[in-house]
Amino acid sequence: MKKVLVISDNEGLLNRFRQLLEKKDLRSRGIDFEFAFSYFHREMLEKFKGANWIKPINVKEDWKDLIVEYNMVFSLHCKQLFPNELVSQIKCINIHPGLNPFNRGWFPQVFSIINGLPLGATVHEIDTELDHGPIICQKEVEIESWDTSLTAYEKVLDAEMELLDQYLELILEENYSTFLVKEGNLNLKKDFDELCELNLDEKDSFQNHINKLRALTHGEYSNAYFYDKNGKKVYVTVQLKREES
Ligand code: 0FX
């Protein structure tokens, strides 16, 4: 039996991945999947306390066990950087919600809406750098003028699932080729946090202001804000509606 570990800090995506596995019935083909999430993920720790199908994991500390126990490890939006000792000894695959090499790192669609760089989903072998390494497959998604972070993100998740549907067996059999791309750019959490504080005196085109606000509009999240005269944060979101055709 081939053993594969899937580490995910994104429950919604993990559920979709498990549904895909059910559909594909890979167990009957000798592939056994196990699941984990990051040891610091508070909500998942609480929710999955005592669960027998998923466990918390610290990849920096547990890599020695992982290379013995598993044939392959998937990062399905796992919020830990895999150490060199792990990625150099077994095949580790990342499912990334961005179109490498553009806007690697944190929340790619937010940055793509602002800087106009392409957006999509990428499945790649993991090396020691963030969202970096030989690419197995990718799919671009279109950002429309009325998209917010949320609607763009939903398209990216769909693209990730389509790629997994198409390539999962080939990846598991290690029957794929890879390609490299130029270096591109990387955004970190602090870059996102900096974007969120609006400077009310900032001068820019209306288009750029709209882009910034829609890039920071993601459902219920309180992202963009300014300080009012009492020093209190006031959160801002936008609503965009395209005329019916
Ligand atoms: O799981 P994920 O979609 O992905 C993130 C990174 O973007 C990705 O590059 C990395 N490989 C992965 C491990 O972590 O992130 P999330 O579930 O925390 O957030 C999903 C979306 O929600 C995000 O793209 C934008 C939005 N969001 C999230 C938070 C926490 C906000 O708009 N504000 C927030 O404070």
From the list Lys64, Lys79, Lys55, Lys139, exactly one residue is part of a loop (DSSP other than H, G, I, E, B) and among the basic types (Lys, Arg). Which is it?
Lys79
Across segment 219-243, the tally of residues that are over 17 Å from Ser145 (Cβ atoms), of a type outside the set (Val, Ile, Thr) and either within 16 Å of the ligand (Cβ to nearest atom) or open to solvent by 60 Å² or more (accessible area, probe 1.4 Å) (or both) stands at 13
If you go through segment 208-219 one residue at a time, do you hit one that is hydroxyl-bearing (Ser, Thr, Tyr), closer than 30 Å to Glu11 by Cα and in contact with a Phe, Trp or Tyr (Cβ under 8 Å, 6 or more places away or on another chain)?
no
Select, from Glu129, Glu154, the only residue that is free of Cβ contacts under 8 Å to residues at least 24 places away in the same chain and under 12 Å from the mean Cα position of the chain (by Cα).
Glu154
Somewhere in segment 191-205, is a residue touching a residue at least 40 places away in the same chain (Cβ under 8 Å) and open to solvent by 100 Å² or more (accessible area, probe 1.4 Å)?
no
Test Phe74 against the stated conditions and say whether it is within 15 Å of the ligand (Cβ to nearest atom), on the phi < 0 side of the Ramachandran plot and open to solvent by 10 Å² or more (accessible area, probe 1.4 Å).
no
Going residue by residue through segment 91-99, is there one that turns out to be part of a strand (DSSP E or B), of a type in the set (Gly, Ala, Ser) and open to solvent by less than 10 Å² (accessible area, probe 1.4 Å)?
no
Against the condition open to solvent by 70 Å² or more (accessible area, probe 1.4 Å), farther than 20 Å from Ile31 by Cβ and within 12 Å of the ligand (Cβ to nearest atom), how does Leu81 come out, does it pass?
yes
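The values are calculated or read from the model by the stated rules, or taken from the named source; none is laboratory data. From a predicted model like this one, the values you see are computed outputs, not experimental measurements. Quick reminder, even Gly has a Cβ in these numbers, built from the backbone with ideal geometry, and neighbours come from all protein chains shown. Calculation scope for accessible area: heavy atoms of the full protein, side chains included, ligands and nucleic acids excluded. Shrake-Rupley method; radii C 1.70, N 1.55, O 1.52, S 1.80 Å.
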